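Working notes for the structure below.
The values are calculated or read from the model by the stated rules, or taken from the named source; none is laboratory data. Keep in mind that what you see is a predicted model, and the values were worked out from it rather than measured. Note that each Cβ is placed from the backbone with ideal geometry, even for glycine, and that neighbours are counted across all protein chains shown. For accessibility, only protein heavy atoms count, side chains too; no ligands or nucleic acids. Shrake-Rupley method; radii C 1.70, N 1.55, O 1.52, S 1.80 Å.
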Amino acid sequence: MADTRQDGRLTTPRWLDLDSVLNLRDVGGLPVTGGGSVRPKTLLRSGSLSRLTVADAATLVTDFGLRTVVDLRTPDELAADGPSALARAGVATAHLPLMSDVDEAMAQVRDDADAVRTLAQAYRAFLDLRGEHLVTAARLVAWTGTGSVLVHCAAGKDRTGVTIAVLLAAVGVPRAAVLADYDATNEVIDDVIASLAALFGGPEGIARIPLALRLAQPDALAEVLDALDGEFGGAAGWLRSRGMDDTELELLRHRLVAA
């Protein structure tokens, strides 16, 4: 199980037991450098919400105070799945795609077995080509006064993983904890991939993807975070370079960090 220790504290993923959503967890409880931890029931992450039941949607709204959904999928993915039970229930949803075409992305990974390099390049492209969407996601988290924000894509691994990592790093969650949270997806990856078989072209399509590329690869995310450290002084510096000001960054920290 993915975990990390900070000042002797052990943190494990806060999985949410809702059968109709895969890879759903609360990042609350992760340690923050200098003291405090990520506030529970504030930032959630998951894979697709296409199978979310009305009952589970109600649980997210009632028990977790869900106010906003950040959907990182492509327009084609959104059109194929239609609105989720949360959207139908009136929960505000921001569609902020981090890539334009799933088929193009899958063609690239099928032709390259170097998982760390391939994923690191893809992750950096999210930031370089769709950085404004990630900044908007950060602002939505910062500006949601109460309740929680749920960030999701299809698997909850790559697009969601990068977005959550930038948010956590920006408020001072140490690198080991950021990577452990990302890596936790591997605990449920078999179920996630099986649920998304159609997206990959069925079982044969899945079989053509190198096993290493189906998994979360912490070294790939670490490479991108290292680049942000070197070029911008960290994730907060990258957000600042894309237009967030110090007031917004402080608001983000206030929202996410509990003493």
Cβ-Cβ FRET estimate between A55 and D245, R0 fixed at 35 Å, reported to 0.05: 0.30
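On a 1.4 Å probe surface of the protein chains, which of L179, L168, L22 comes out largest in accessible area, and what is the full order?
Details: L179 35, L168 0, L22 60 Å².
The ordering from most to least exposed comes out as L22, L179, L168.
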Carbon + sulfur, % of accessible area of the chain - ligands and nucleic acids excluded, 1.4 Å: 51
Accessible area (Å², 1.4 Å probe, nearest 10) - R124: 50
Read-out mean projected area of the Cα convex hull in nm², derived from the coordinates shown; its label in (1) 12.6; (2) 14.5; (3) 23.2: (1)
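What FRET efficiency comes out for the pair A227/T33, r = Cβ-Cβ distance, R0 = 22 Å, nearest 0.05? Show your work: numbers first, answer last.
Details: r = 20 Å, r/R0 = 0.90.
Efficiency computed from Cβ-Cβ geometry: 0.65.
Give the percent of DSSP beta bridges with both residues in the chain that are antiparallel, rounded to the nearest 5.
Around 45 percent of the beta bridges assigned by DSSP in the chain are antiparallel ones.
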Gap separating the Cα centres of the stretch 17-87 and the stretch 133-157, nearest whole Å: 9
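Skip the ligands, DNA and RNA, and give the accessible area per residue of the chain with a 1.4 Å probe, whole Å².
Numbers: 11020 Å² over 259 residues.
I get 43 Å² per residue for this part.
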³J(HN,Hα) computed for each position of the stretch 155-171 - Karplus, 6.51 cos²θ - 1.76 cosθ + 1.60, integer Hz, glycine/proline x: 8, x, 10, 8, 5, 5, x, 5, 4, 5, 4, 5, 4, 5, 5, 5, 9
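How much net charge surrounds G131 when only the other residues with a Cβ under 14 Å from the Cβ of G131 are counted, with Lys and Arg +1 and Asp and Glu -1?
Summing Lys and Arg as +1 and Asp and Glu as -1 gives +3.
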Surrounding net charge for G82, when Lys and Arg each add one and Asp and Glu each subtract one, Cβ distance under 15 Å: -1
